[in-house]
Amino acid sequence: MSLGMGPGWRNVWLAAALGLASAWACADSPLCRLGLRQSPIDIVATVKHALPALEFHYRAAPLKIANDGHTARVRFSNAGGLKIGNESFTLQQFHFHTPGGDRLAGEQFAMAAHLLHKSRTGRLLALVVLFRQGGENPALAALWPQIPEPVDGDHLIAGASVDASRLLPGSRSYYRYEGSLTASPCTENVTWLVMKQPLELSPAQLLFWRARFADNIRAPQPLHGRIVQENG
Ligand SMILES: [Zn+2]
């Protein structure tokens with residue numbers, strides 16, 4: 001995947017995007033300890049704002065999935081994107097974290113999907129879908145059996161496709177804050193959108209994941225005066 005930022009930046013972004021636990025556990029970037037706009041956060045107080053509607057233009061694409069030992073990642077090259085106001089972002093990949101990272105009024109979620117996007121000018125946008133334990137999630141039911149056993153690179157699954165819109169909740173309401181990559185070097189200036197409506201996954205689906213992956217998200221970070229905007 002080319003992010004158009006040179007190989008060094010690309011590796012940093014990918015490592016962080018994948019939520020490489022080891023990358024932040026032994027964080028050597030001062031930004032991870034001292035940054036003032038870090039992710040994830042606990043969303044408690046918000047300011048209502050006339051935020052633009054999210055216009056999703058995701059489309060089905062061949063399923064390309066990797067197990068990197070920390071998470072399962074689905075990568076896209078032509079699966080559409082997301083338009084917000086007059087800015088368009090291309091969907092690059094999604095992956096999962098346990099627990100959910102971003103919290104809502106102190107609630108920690110069982111899992112989160114991070115859908116990563118990039119604008120034509122290189123702006124990074126992470127969209128978070130949170131999962132509570134509950135009923136079986138059909139999108140995860142289709143995806144989990146396709147997670148490769150070997151810890152290696154991308155697997156193109158013959159005959160399988162994936163549509164990221166199946167990971168979206170029915171409500172398009174969201175929170176917005178300015179955050180960072182969640183792994184070293186914890187680069188800031190990443191826009192975070194957190195969908196307000198969580199999805200569900202079944203206890204069996206969570207167990208399936210936990211049998212393969214250790215917890216892979218850092219704790220909520222201080223707000224340092226940041227304001228979380230809420231649409232509506
Ligand atoms: Zn992530």
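Quick notes on this structure:
- Computed over all pairs of different Cα atoms, the Kirkwood value for the hydrodynamic radius of segment 6-231 is 17.6 Å.
- Two-decimal log10 I(q)/I(0) for segment 133-222, as the Debye equation yields it once each C-alpha is a single scatterer, q = 0.13, 0.16, 0.23 Å⁻¹: -0.65, -0.99, -1.30
- Farthest positive-ward along segment 30-107 dipole, Cα basis, beta-carbon charges - from LEU34, PHE96, GLY80: GLY80
- When each of VAL228, VAL74 is scored by the number of other beta-carbon atoms lying within 10 Å, the sequence from fewest to most is VAL228, VAL74.
- Mean Cα-pair separation over length for segment 6-231, i.e. relative contact order, pairs under 8 Å, 6 or more apart, %: 32 percent
- Where the Cα pairs of segment 65-105 fall when distances are cut into 5 Å bins, in %: 6, 18, 18, 17, 19, 16, 5, 1
- Computed magnitude of the charge dipole of the chain (debye, nearest 20; Cβ of K, R +1, Cβ of D, E -1): 440 debye
- Summed residue charge, Cβ within 10 Å of ARG73's Cβ, Lys/Arg positive, Asp/Glu negative: 0
- Charge context of SER39, other residues only, Cβ under 13 angstrom, K/R +1, D/E -1: +1
- Near VAL190, once Lys and Arg are set to +1 and Asp and Glu to -1 for all other residues with Cβ below 12 Å from its Cβ, the sum equals +2.
- For segment 55-91, the residues whose backbone nitrogen is under 19 Å from a point 7 Å from the Cα of LEU156, taken along Cα to Cβ, are 59-67, 73-80.
- Counting neighbouring beta carbons within 10 Å and listing from fewest to most, the residues CYS32, CYS186 come out as CYS32, CYS186.
None of the figures in this text is laboratory data; all of them are computed from the coordinates on show. Quick caveat: nothing in here was measured; it's all calculated off a predicted structure. So basically every Cβ, Gly included, is an ideal-geometry build from the backbone, and we count neighbours across all protein chains shown.
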